[in-house]
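**Student:** What follows is a single structure, and I will ask about it in a moment.
The values are calculated or read from the model by the stated rules, or taken from the named source; none is laboratory data. These numbers were taken from a predicted model, which means no experiment stands behind them. Cβ placement follows ideal geometry from the backbone for every residue including glycine, while neighbour counts extend to all protein chains displayed. Please note that ligands, DNA and RNA were not included when accessible areas were found on the heavy atoms of the full protein model with its side chains. Shrake-Rupley method; radii C 1.70, N 1.55, O 1.52, S 1.80 Å.
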Amino acid sequence: MAVVIVEDLHKRYGDNHAVRGLSLTVEEGEVFAIVGPNGAGKTTTVEILEGHRRPSSGRVEVAGFDPATGGRAFRERIGIVLQECGIEERFSVRELVTLHAGLYPSPRGIDEVIALVGLTGKADERTKTLSGGQRRRLDLALGLIGDPDVLFLDEPTTGFDPSARRQAWDVVAGLCEVGKTVILTTHYMEEAYRLADRVAVVAAGELVALGTPDELVDRVAGGRVVIEFRLPPDVDVSRLPPVVGDLQADGHVVVVETVSPTGDLAVLTRWAVVHDVEFEQLRLRHGSFEEAYLDLIGAATRSGDG
Ligand code: ATP
């Protein structure tokens with residue numbers, strides 16, 4: 001069942017046509033990521049879905065409501081976790097979560113939500129003693145306490161250390177197990193790749209691509225594989241034999257993107273053996289989601305220029 005429906009959405013700020021005919025649907029229980037470069041129209045789109053901005057034209061439905069007119073009944077069905085939430089510092093974690101719970105008709109359990117975001121050990125600490133990452137978890141708890149159907153997460157792990165980021169990903173993955181629909185905006189492609197069931201790539205207000213992260217990688221990279229290695233300092237890259245793939249060198253680090261990995265690897269390694277050259281850190285990998293994303297928005301920007 002579609003929980004979010006966007007049909008031919010447009011938003012103009014004066015002459016700036018920020019969102020240009022966006023259409024997408026998000027199914028119940030999905031984690032749906034919206035990614036794109038700065039100024040692509042992500043925040044504008046999400047704020048329209050949250051009911052904080054009015055569209056110039058087009059249709060938007062969230063949890064069965066028109067966000068622009070849904071009022072309090074609509075707001076009780078959604079949770080919003082913004083990048084920078086002001087947190088009341090004089091309360092403990094449990095007190096603050098309890099206060100917010102009082103704003104909703106049927107909130108989730110206080111201790112359950114605190115546990116879900118991994119703050120049980122801090123429940124009785126004043127919020128001003130929390131670290132940046134712990135504050136973001138508290139933000140997440142406040143977004144969840146009303147037991148929303150749709151949770152909006154804006155850059156949820158900006159400023160997190162790598163281990164806190166992984167913990168936050170586990171929390172978000174856990175939300176899906178309790179049936180929440182999550183709309184995520186992020187600039188971390190690994191985050192979109194790990195968390196999202198589907199990703200919308202937007203650039204200059206238009207949808208550039210929509211699919212599962214693996215579909216997008218396949219669509220862009222096709223059967224492309226990357227061969228990487230480092231040449232010894234005394235071997236110049238110009239000595240390497242010709243290959244089918246696209247060979248790029250950055251100093252002595254060589255990267256070959258190829259649709260013929262078996263053949264190209266054979267050509268390169270045969271040459272290396274004959275010339276007694278050791279390829280250091282030789283490895284073979286598939287294109288990453290980040291590379292696919294950069295290709296997609298690069299192509300969109302180029303076609304926008306022409
Ligand atoms: P970022 O990744 O930098 O957060 P974004 O994809 O969220 O970018 P938006 O904030 O939606 O992009 O902005 C899209 C376009 O709309 C930009 O050109 C921006 O300058 C413009 N814009 C956004 N908000 C307003 C506003 N309140 N008034 C006028 N123009 C705006």
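**Student:** Does residue 50 meet the test of being surrounded by fewer than 18 Cβ atoms within 10 Å (Cβ to Cβ), touching a residue at least 12 places away in the same chain (Cβ under 8 Å) and closer than 21 Å to residue 147 by Cα?
**Tutor:** Values: surrounded by fewer than 18 Cβ atoms within 10 Å (Cβ to Cβ): no; touching a residue at least 12 places away in the same chain (Cβ under 8 Å): yes; closer than 21 Å to residue 147 by Cα: yes.
Spelling it out, it is not the case that residue 50 is surrounded by fewer than 18 Cβ atoms within 10 Å (Cβ to Cβ), touching a residue at least 12 places away in the same chain (Cβ under 8 Å) and closer than 21 Å to residue 147 by Cα.
**Student:** What number of residues within region 15-45 are surrounded by fewer than 16 Cβ atoms within 10 Å (Cβ to Cβ) and near the ligand (Cβ under 7 Å from one of its atoms)?
**Tutor:** Number of matching residues: 3.
**Student:** Further question on the same structure: Are there any pairs, at least 6 apart or on different chains, whose C-beta atoms fall under 8 Å, with the first in region 231-242 and within 14 Å of residue 281 (Cβ to Cβ) and the second of a type in the set (D, E, K, R), and if so, which?
**Tutor:** 231/280; 232/278; 232/280
**Student:** Same structure again: Which residue is surrounded by the fewest Cβ atoms within 10 Å (Cβ to Cβ), if the candidates are limited to region 64-79 and must be out of contact with any Lys or Arg (no Cβ under 9 Å at 6 or more places or on another chain), at negative phi and not in a loop (DSSP other than H, G, I, E, B)?
**Tutor:** 72
**Student:** Scan region 50-63 and tell me whether some residue there is under 30 Å from residue 114 (Cβ atoms), away from the ligand (no atom under 15 Å from the Cβ) and part of a helix (DSSP H, G or I). Working first, answer last.
**Tutor:** Initial filter on region 50-63 (under 30 Å from residue 114 (Cβ atoms)): 50-52, 62-63.
Remaining after also requiring away from the ligand (no atom under 15 Å from the Cβ): 51, 62-63.
Filter once more, so that each one left must be part of a helix (DSSP H, G or I): none.
No: region 50-63 contains no residue that is under 30 Å from residue 114 (Cβ atoms), away from the ligand (no atom under 15 Å from the Cβ) and part of a helix (DSSP H, G or I).
**Student:** Is at least one residue of region 200-217 touching a helix residue (DSSP H, G or I) at 6+ places or on another chain (Cβ under 9 Å), surrounded by fewer than 19 Cβ atoms within 10 Å (Cβ to Cβ), within 26 Å of residue 8 (Cβ to Cβ) and at pLDDT below 90?
**Tutor:** no
**Student:** I've got another one for you. Restricting to region 179-195, name every residue that is surrounded by fewer than 23 Cβ atoms within 10 Å (Cβ to Cβ) and more than 16 Å from the ligand (Cβ to nearest atom).
**Tutor:** Residues satisfying the conditions are 179, 180, 190, 193, 194.
**Student:** When region 86-102 is examined, which residues are found to be part of a loop (DSSP other than H, G, I, E, B), in contact (Cβ under 8 Å) with a residue 12 or more places away in the chain and open to solvent by 50 Å² or more (accessible area, probe 1.4 Å)? First the steps, then the outcome.
**Tutor:** Of the residues in region 86-102, the ones part of a loop (DSSP other than H, G, I, E, B) are 86-91, 102.
Restricting the remaining residues to those that are in contact (Cβ under 8 Å) with a residue 12 or more places away in the chain gives 87-91.
Of everything in region 86-102, those that are part of a loop (DSSP other than H, G, I, E, B), in contact (Cβ under 8 Å) with a residue 12 or more places away in the chain and open to solvent by 50 Å² or more (accessible area, probe 1.4 Å) turn out to be 88, 89, 90.
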